[in-house]
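Worksheet: the structure to be examined is printed underneath.
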Amino acid sequence: MALSPQSVPENPFDFRAPPPSPVASGRRSCVTNDEVLSEFLKHSLFVPDLILPDKVFPRQKFIDNPPKIDFQALNSMQTETLPKILDSIATIGCFQLVNYGIPVESIRSALTAAAGIFQLPPQKRTTVTRSPEKLYGFEEVHEEDEGEVSEEFVWCKAKALELAMEGIWPVGYSNFSEKMETLVAEMEKVAEKILTVFREIYQEKTGRCEKEKMEGEDGNGWACYVYKHGGNVSAEKWRSCLRYDVMKMLIGGMDYSHTLCLHICDGSSEFHVYSKKGWVSFCPHKHALVVTVGDQTQALSGGQLKHVIGRPIYRGEEEEFISMAFLYSSSTTNSRLVDPQKPNTISLSQQATAAILFTLLYQILVYVYYKF
């Protein structure tokens, strides 16, 4: 039986190809197009040769020892002493101070008492570890940093530090703190005399307001970086740790704003000075205090005096050594020296909380506006 056209089932699949696109009469051949494309890719994908410096790590520059300034000469304001100090600070950022009148026994007893801090086990140190909100205590040590050439502890007169340390080292810390306060009283006399010289030189340039700011209204502030330098360190490990130490100093610096820093570094083989311009080193005089300038003094001098960071180095020593860096401030910016738990910056968590509160407040105001 024949089927009518209407009864023929429709094919559900349509395999017809689309019509070819029109070809322009002046179109180039495929060979020509391939040559143009190849030439374009050759020039556009060209990667230039990058020439990097051989050494990105800052080079150590040995310099002649900075001048040794007799404190008694400074006390008598001898005219030839001042140019030496100012020239040394302007070029290097530090000078050496001798005959400063601090009893040797006061320094030795403080260093001996400080050695006990680093005998505390790691599990006890965790309760007094530094953080952005708590700038005193032990430096945080990661697993890869264990066995470093040096260890670090920051001491100050914060009540919270005293309570925390007495909880983990009751007898030893009381003795150490007593020795430190005695030494700080002697250091303060030295620092104040040096600052008196700077005030007399720069007060005419800065005026009375800057002088009052330099003297401060909240009293003087101190913080002390205590370092333990390990002995019997291999040359390879010493070089590796030195590179890490240099980069940390150049990038991080110190957490405290200060006017002067007085370094006790008896027995050190070298003293390194770090600044934004580079890294220099010299051999300090035995029993001399190395004095470096802080950011507050640089601001007072209008940038003429150079703010640097100093660090003693004990290379190739068999025994362990303790060194100290006393950071002194007499300006109103020393609140973090007196109580470093008071942050002068807003943390990320505080910023996030403020952002959430402002967002909620904005949504409420928008709702009230459209509702009423």
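Tabulated values for the structure
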item: Residue 81 polar (S, T, N, Q), out of contact with any Gly (no Cβ under 6 Å at 6 or more places or on another chain) and either open to solvent by 90 Å² or more (accessible area, probe 1.4 Å) or modelled with pLDDT under 65 (or both); result: no
item: Any hit, region 154-175, residues being under 24 Å from residue 309 (Cα atoms), in contact with a helix residue (DSSP H, G or I) (Cβ under 6 Å, 6 or more places away or on another chain) and open to solvent by 40 Å² or more (accessible area, probe 1.4 Å); result: no
item: Filter result for residue 335 (touching a strand residue (DSSP E or B) at 6+ places or on another chain (Cβ under 8 Å), open to solvent by 50 Å² or more (accessible area, probe 1.4 Å) and modelled with pLDDT under 75); result: yes
item: Lone qualifier among 101, 116, 26 - being part of a loop (DSSP other than H, G, I, E, B) and modelled with pLDDT of 65 or more; result: 101
item: All positions within region 300-330 that are touching a Leu at 6+ places or on another chain (Cβ under 6 Å) and of a type outside the set (Val, Ile, Thr); result: 326, 328, 329
item: Total residues in region 289-306, condition open to solvent by less than 10 Å² (accessible area, probe 1.4 Å) and in a loop (DSSP other than H, G, I, E, B); result: 3
item: Breaking point among (1) closer than 28 Å to residue 313 by Cβ; (2) of a type outside the set (A, V, I, L, M); (3) modelled with pLDDT of 80 or more; (4) open to solvent by less than 40 Å² (accessible area, probe 1.4 Å), for residue 186; result: (4)
item: Selection within region 257-312 - polar (S, T, N, Q) and touching a residue at least 24 places away in the same chain (Cβ under 8 Å); result: 257, 259, 268, 269, 275, 281, 292, 296, 297, 301, 304
item: Hits in region 40-73 - residues which are in a loop (DSSP other than H, G, I, E, B), loosely packed, with under 10 Cβ neighbours inside 10 Å and modelled with pLDDT of 65 or more; result: 59, 64
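The values are calculated or read from the model by the stated rules, or taken from the named source; none is laboratory data. All values reported here derive from a predicted model rather than from experimental measurement. With ideal geometry, Cβ positions are generated from the backbone for all residues, glycine too; neighbour counts draw on all protein chains shown. When the accessible area is computed, the model is the full protein with side chains, heavy atoms only, and any ligands, DNA or RNA have been set aside. Shrake-Rupley method; radii C 1.70, N 1.55, O 1.52, S 1.80 Å.
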